[in-house]
Amino acid sequence: MTLRVFATIVCAGFLAGSAAMAAEPSVERGDYIVNSIGACGSCHTPFGPNGPDMSKALGGRVVEDSEAFTAIAPNITPGGEIAGWSDEELGRAIREGVRPDGSIIGPPMPFEVYHGISDTDLASIVMYLRSIPAVENDPGKSEYRIPLPPAWGPPVTSVADVPAGVTVEYGAYLAGPLGHCTVCHTPFGPNGAPQFETLLGAGGNEFHGPWGTSVSANITPTELAQFSDAEVETMIRKGMRPGDVAMFPPMSYPHYDRMSADDMAALILYLRSLEPKPFQ
Ligand code: HEC
Ligand code: HEC
């Protein structure tokens with residue numbers, strides 16, 4: 001009898017503890033998302049002569065200058081405009097692409113997937129952005145010479161957490177809402193949106209920069225079946241193909257190298273589970 005009561009109490013305590021952990025936003029979790037799988041700095045951190053200028057981390061830069069637009073990722077430290085926004089307004093800007101004045105935030109920030117960021121993770125990202133030092137940097141304002149969509153989707157009220165673990169489901173959450181791997185790696189259709197329903201992971205998008213032109217790879221088993229998990233991991237973390245062949249930008253290898261072993265395992269499990277798609 002005594003033993004049984006003891007066991008029940010321990011068990012209830014454990015469950016309450018783990019449920020609280022899963023639901024509590026934190027600066028640490030926000031730091032992890034922004035600086036590893038989320039790779040926000042791949043667009044929002046300015047470049048110096050030797051790559052990203054970490055003394056101005058998240059201080060903003062020109063991301064893309066093409067016929068369609070000059071996209072400038074703003075300063076998202078407390079030194080930028082967001083300092084005047086409430087936590088709720090900042091969260092809405094990140095998850096729905098709408099500023100407090102109601103205007104739409106333009107591409108290439110991957111709002112196609114950010115509407116799936118969970119409430120807890122969004123709160124963690126906001127907490128982290130509030131906690132970092134203010135960077136004095138004004139990268140300027142974007143100019144869009146194409147019409148922007150009226151909205152990136154219906155308003156988002158609440159998104160539940162996806163339980164963390166080495167599962168296909170959590171891998172899908174990492175590759176989509178948190179990491180936007182799927183946006184770069186799915187061909188854009190005539191409507192200007194990634195064709196998730198028909199060509200998820202098929203690759204074929206072109207990226208232009210000082211490196212010339214790179215093309216996002218097919219990340220379904222059509223391409224990845226030839227590689228071991230360790231080889232796929234080295235490509236994602238280090239940007240190196242088997243035989244020490246360096247890969248091209250703009251995939252942000254240094255950010256992904258900070259991912260935990262479990263998250264990497266979940267991500268690769270998910271890639272292996274994708275329906276094979278033809279090369280584009
Ligand atoms: C692929 C590039 C890219 C990535 C990745 C990206 N952003 Fe952005 N972000 C932009 C661009 C470009 C804009 C500005 C678009 C405009 O001017 O309409 C922007 C705008 C914003 C804004 C609005 C700020 C303001 O002052 O108007 C916030 C907040 C923001 N991003 C946060 C984030 C966070 C947090 C992440 C990571 C979870 C992230 N971004 C990832 C490119 C990116
Ligand atoms: C900003 C766009 C972008 C993002 C975000 C991105 N990738 Fe990539 N990825 C690329 C490009 C471009 C290449 C091809 C590089 C080359 O040709 O050297 C590539 C190559 C790869 C490859 C090599 C496949 C092969 O056999 O050649 C893998 C695996 C991969 N990406 C997985 C991922 C995963 C997983 C994520 C998310 C954690 C991700 N990518 C995010 C653009 C991106």
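Quick note: the coordinates plus some simple rules give every number you see, no bench work behind them. Since the structure is predicted, the reported quantities are computational estimates derived from the model, not experimental observations. Methodologically, a virtual Cβ is constructed for each residue, glycine included, from the backbone with ideal geometry; neighbour enumeration extends over all protein chains shown.
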Expressed in nanometres to one decimal, the distance between label points 7 Å along Cα→Cβ at Glu89 and Ser131 is 2.4
When the charge dipole of the chain is computed with +1 at the Cβ of Lys and Arg and -1 at the Cβ of Asp and Glu, the Cα pointing farthest to the positive end, of Ala217, Gly59, Ile146, is that of Ala217
Going by how many other Cβ atoms sit within 10 Å of their own, how do Val156, Val34 line up, fewest first? Val156, Val34
For the chain, built as a Gaussian network whose Cα springs stay under 10 Å, the top-fluctuating residue of Pro154, Pro107, Pro194: Pro154
Value of [θ]222 nm, deg cm²/dmol, for the chain, DSSP H segments ≥ 4, -39500 (n - 2.57) each, nearest 500: -10500 deg cm²/dmol
List the relative contact order of the chain as a percent without decimals, with contacts defined as Cα pairs under 8 Å and 6+ residues apart. 19
Using a Förster radius of 22 Å, what is the FRET efficiency between Val62 and Ala151 based on their Cβ-Cβ separation? Nearest 0.05, please. 0.30
Compute the separation of the alpha-carbon centres of the stretch 114-179 and the stretch 231-280 and state it in Å as a whole number. 21
Which listed residue (Asn75, Ser228, Pro194) has the Cα farthest towards the positive end of the charge dipole for the chain, taking +1 on Lys and Arg C-beta and -1 on Asp and Glu C-beta about the Cα centre? Ser228
So for the pair Asp161, Thr70, with labels modelled 7 Å out along Cα→Cβ, what separation do we get in nm? 4.4
Nearest 20 debye, what's the magnitude of the dipole of the stretch 131-280 about its Cα centre given +1 on Lys and Arg Cβ and -1 on Asp and Glu Cβ? 280
Summing Lys, Arg as +1 and Asp, Glu as -1, what charge do residues with Cβ under 14 Å from the Cβ of Leu129 carry, Leu129 excluded? -3
May I ask you to sort Val135, Val168 by Cβ crowding, counting other Cβ atoms within 10 Å and putting the fewest first? Val168, Val135
Here FRET efficiency (C-beta to C-beta, Ser228 to Phe196, R₀ 22 Å, nearest 0.05) is 0.20
Residues Arg95, Arg258, Arg61 arranged by fewest to most Cβ contacts within 10 Å: Arg258, Arg61, Arg95
